[in-house]
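The next block holds one structure in the form of structure tokens; read it before the comments.
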Amino acid sequence: MDAILLQILNGLDKGGAYALIALGLTLVFGTLGVVNFAHGALFMLGAFCAVTFNKLLNLESVVIDPTQTTAWGSPLEVRTPYVEALLGDFGNYLHDYSVPASIVLAIPVMLIFGIAMERGLIRYFYKRPHAEQILVTFGLAIVIQEVIKHFFGANPIPQPAPSAFGGTAYVGQILGMGQTLAYPWWRIIYLLFSLGVIGAVFVFLQFTTYGMVVRAGMHDRQTVGFLGINIERRFTVVFGIAAVVAGLAGVMYTPILPPDYHMGMEFLVLSFVVVVVGGMGSLGGAVAAGFLLGILQSFASMNEVKAIIPGIDQIIIYLVAVVILLTLPRGLMGRRGVMED
Amino acid sequence: MSFKVIDRRVFLRNTAILGAGLAAPMHFVRGAYAEDVSCNMPKGDTVTFGWSVPLTGPYADEGADELKAFQLAVKHLNGEGDGGMIPTMKPGALKGNGVLGKKVAQVHGDSQTKTDAARDNSKRMIERDGAIMISGGSSSAEAVAVQSLCQDMGVIHMSGLTHSNDTTGKDKKRYGFRHFFNAYQSGVALGPVIGEAYGKDRKAYHLTADYTWGWTQEESMKAATEAMGWQTVAAVRTPLGSADFSQYITPVLNSGADVLILNHYGKDMVNSLTQSVQFGLRDKEVNGKKFEIVVPLFSELMAQGAGDAVKGIYGTSNWDWKLDDEATKAFTKSFGQEYGAPPSQAAHTCYVQALLYADACERAGTFFAPAVIKALEGFEFDGLGNGSTLYRAEDHQCMKSCLVVRGKETPKDKYDLMEIVKVVPREVTTYDPSIFGGELGPSDAKQC
């Protein structure tokens, strides 16, 4: 029983990450009709906002100590972080909570980057075939990766979770089921965070006038334009919001996966499958497919399942995608007419 | 005036004798002509070495360190800098004036840690740039692929960081040489140490990278731990390059195992170790014992990626810059002053391989590949950081001491993440070369 609950929890946690990345991907597709293969790179950029924030907090004063030398004979450099020297205990606290605190940096950076990306490049490809959009965005993703590698190197850079959430949550004990059911605190936080961000995006689109206009534009861009609304500008902002969502997903994922320049690519393909299974341009579909595929992948990795069907954990997502697309060609919640031209 | 008439038979006989007489010396000097056709023998005043290193992809940092080491080695071979380990190498034929009086030139290519890119690079460096020797690399798949190419082209391959038993086992080649230790030696070295630390009654669960190195590492660790009484609960293969290992870690929690052995390297190791610690495995108690994690192959650069998760974790290493011998000190000083950081074990093995090849040419007195191979085979040396070492003739695997290391609890800085627990002597890590099969193949000189 514990093993099954653990896999469900693991599936929800994975699904949260998939859904969060796929949400931005499908949002861009639904509004602008652009297949954005640089979305994984935006996830990675978000993660590097956390790395940069941490590096800023770790800026140090360097004093050469001539009385000591390194193993290779150079004078020893004694380093003291400015933040701790200037802010004392608050500096230590800020340092401990650097990952969640870096959201403050990630939101403006990702918003500006997303808008610049849409205005500077993506808008020239609106009316071009999807294959060209994929090529140009994929190329952009590689450029972003290489720039990050140039500045941060290729090695993963660990970002610790705040010490209060670095350990394990004994979920079983909390639920009165014994001590064996345990799960990392930060993964639980990440799941809750994903649900929060997904909820916020839905509220924004469903219950604000701005969101209502965006939804109207998604259905009929021309008519909304006839009403004198600059729908292009709103879609640009939506692209920026999608970049922020991907960036936030990246920021909060850093304690789970030490970020490196390639991490976006590892999630891109899976997220794209999630979008296709959920239905191109369907926000609800992306979220539902994210959680569904996360849970299925988690169960397929159980040794008992693999003993029956070896290697199923490697193909389950693609197998489910094939089955769903054969039975529901538009995906779980796909709209008529999307990607059918 | 009279003419002696020679009949047709006499003419034919005399012609045959004369022909045989003229051709006979050729039989005895044919070796001299063969020497001329060994691939890329240098004709001018330089000799070119080729480095195939991963400068992009998951092992790019390791590749960058390897390249730094090669560049330093070339500097030292050409008589620049402080000479590094050239003065400490015993016996050593290197004089710091290049190799056989020729200055060493170098070319390099990005292998991307991909076998096809590594082969393409190496082929280009051999055919276009005239590289006489190829070295470098950070994966066993890459090493196996490139040494096979080098065997076909008649160019010596001095492999970089490759730890699979197959490299000098079933896939060994006459033209391929490995200084780095292997998975079997890791198992032999690590087994007794973790047996002593964790006891003989343990249940191990393996997570293994699903490729040649992972398989041989798992096999070696299973052999070493089962020999001392441990049980293997499960051995699960994980796809190479996985980002999230959580679905493989959760089954460990209820498996009854009390040790997790991570047969992962590089980013896989960083991710699986970090996530295992996050899942609270190291805080668990199973079967009345504290749950432990073991990482058989450690790397300093990967340890930096895993951060605090490496603290207290046992593993093995080919070499460490904190060793106390004169050779290690000389190399660390040389590398540190050049690049501002101590060398990794990848850098060390590559530097040593470059020196060993150059030294073999000097001892052979020629660049002729079969003669250099002979000079390397069975070569016994010291003063390169691993103590007394033998380049074994039977499989071209170096027999030397290796290190059992442990993640340091209170590191001084990011270069001080591991502490040496034990230097396992060469006598212990030496094994019968026939156990992994394979054939070295011919050493015939090739023209390229």
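Between the helical axis of A:312-327 and the longest alpha-carbon principal axis of chain A there is an angle of about 20 degrees. In plain terms, the residue of A:LEU94, A:LEU326 with the fewest other Cβ atoms within 10 Å comes first and the most crowded comes last, giving A:LEU326, A:LEU94. Taking the Cα centre of the protein assembly as shown as origin and assigning +1 to Lys and Arg Cβ atoms and -1 to Asp and Glu Cβ atoms, the resulting dipole is close to 1700 debye. So for segment B:184-317, taking the charge dipole from beta-carbon charges (+1 Lys/Arg, -1 Asp/Glu), which of B:GLY280, B:SER186, B:ILE261 sits furthest toward the positive end? After comparing all options, I get B:GLY280.
How much FRET efficiency would the formula 1/(1 + (r/R0)^6) give for A:THR208 and B:ALA197, where r is the Cβ-Cβ distance and R0 is 60 Å, rounded to 0.05? That gives a FRET efficiency of 0.50.
Taking other C-beta atoms within 10 angstrom as a stand-in for reagent exposure, B:GLU292, A:GLU132, B:GLU300 fall in the order A:GLU132, B:GLU292, B:GLU300, fewest first. Binning all Cα-Cα separations of segment B:184-317 at 5 Å, short to long from zero, yields these whole-percent fractions: 2, 11, 24, 26, 23, 12, 2, 0.
A helix-only calculation puts chain A at -22000 deg cm²/dmol for mean residue ellipticity at 222 nm, using -39500 (n - 2.57) for each DSSP H run of at least four residues, averaged over all residues.
Projecting label points 7 angstrom from Cα along Cα→Cβ for A:LEU121 and B:CYS448 puts them 3.9 nm apart. Taking every residue in B:262-275 and counting other chain Cβ atoms within 10 Å of its Cβ, the average works out to 3.
Since only B:THR208, B:MET302, B:VAL233 are under comparison, the one whose Cα sits farthest along the positive direction of the charge dipole of segment B:184-317, derived from C-beta charges on Lys, Arg, Asp and Glu, is B:VAL233.
Taking every alpha-carbon pair under 8 Å whose residues sit at least 6 apart, chain B reaches a relative contact order of 19 percent. Here segment A:200-341 is treated with +1 on each Lys and Arg Cβ and -1 on each Asp and Glu Cβ, and its dipole about the Cα centre works out to around 440 debye. For A:ILE309, B:ILE261, A:ILE103, the sequence from fewest to most other C-beta atoms within 10 Å is A:ILE309, A:ILE103, B:ILE261.
Inter-chain Cβ neighbour count for A:256-267, averaged per residue, equals 5 (cutoff 10 Å, partner chain atoms only). Taking A:GLY278, A:GLY311, A:GLY11 in turn, the Gaussian network model of chain A (Cα-Cα springs below 10 Å) assigns the largest fluctuation to A:GLY311. Between B:PRO370, B:PRO343, B:PRO251, the GNM of chain B built on Cα springs shorter than 10 angstrom shows B:PRO251 fluctuating the most. Could you sort out which of B:LYS90/B:LYS333; B:LYS95/B:LYS374; B:LYS173/B:LYS333; B:LYS374/B:LYS400; B:LYS123/B:LYS333; A:LYS14/B:LYS311 sit more than 30 Å apart by Cα distance in this structure? Table pairs above 30 Å Cα-Cα are B:LYS173/B:LYS333; B:LYS123/B:LYS333. The radius of gyration of the Cα set in chain A, together with its Dmax, comes out at 22.3, 76 angstrom. Our summary gives segment B:108-230 a relative contact order of 20 percent, counting only alpha carbon pairs under 8 angstrom and 6 or more residues apart.
For the pair A:ILE112 and A:GLN222, the difference between a 0.36 nm per residue extended length and the Cα-Cα distance amounts to 36.9 nm.
Exposed loop sites, defined as trypsin sites (Lys or Arg not before Pro) outside DSSP H, G, I, E and B with at most 14 other Cβ atoms within 10 Å, are absent from the longest region of chain B, namely B:201-411.
Separation of segment B:178-202 from segment A:222-278 is 47 Å, based on Cα centroids. Within the shell of other residues whose beta carbon sits under 14 angstrom from the beta carbon of A:GLY240, the net charge comes to +2, with Lys and Arg scored +1 and Asp and Glu -1. Within the same chain, aspartates and glutamates fewer than 8 places from B:LYS422 are excluded, and of the rest, those with a Cα less than 15 Å from its Cα are B:GLU196, B:ASP320, B:ASP324, B:ASP325. On a C-alpha basis, how far is the centre of segment A:130-181 from the centre of segment A:302-336 in Å? Whole number, if you could? So the two Cα centres are separated by 24 Å. At a Cβ-Cβ separation cutoff of 4.7 angstrom, cysteine residues of the protein assembly as shown with no neighbouring cysteine are A:CYS49, B:CYS150, B:CYS350, B:CYS361, B:CYS398, B:CYS402.
Summed over qualifying helices (DSSP H, 4 residues or more, each -39500 (n - 2.57)) and divided by its residue number, chain B shows a 222 nm mean residue ellipticity of -13000 deg cm²/dmol. Note on the protein assembly as shown: Cα-only Rg and Dmax are 30.6, 131 Å. Taking the Cα centre of segment B:184-317 as reference, the dipole from Cβ charges on Lys and Arg (+1) and Asp and Glu (-1) amounts to some 180 debye. Legend: distances between Cα atoms for A:LYS55/B:LYS289; A:LYS149/B:LYS102; B:LYS43/B:LYS75; B:LYS267/B:LYS408; pairs beyond 30 Å are A:LYS55/B:LYS289; A:LYS149/B:LYS102.
Read-outs throughout are calculated quantities, based only on the coordinates presented, and are distinct from any laboratory measurement. What you are looking at is a predicted structure, and each value in this text was computed from that prediction instead of being measured. Cβ coordinates were reconstructed from backbone atoms using ideal geometry, including for glycine residues, and neighbour counts include every protein chain displayed.
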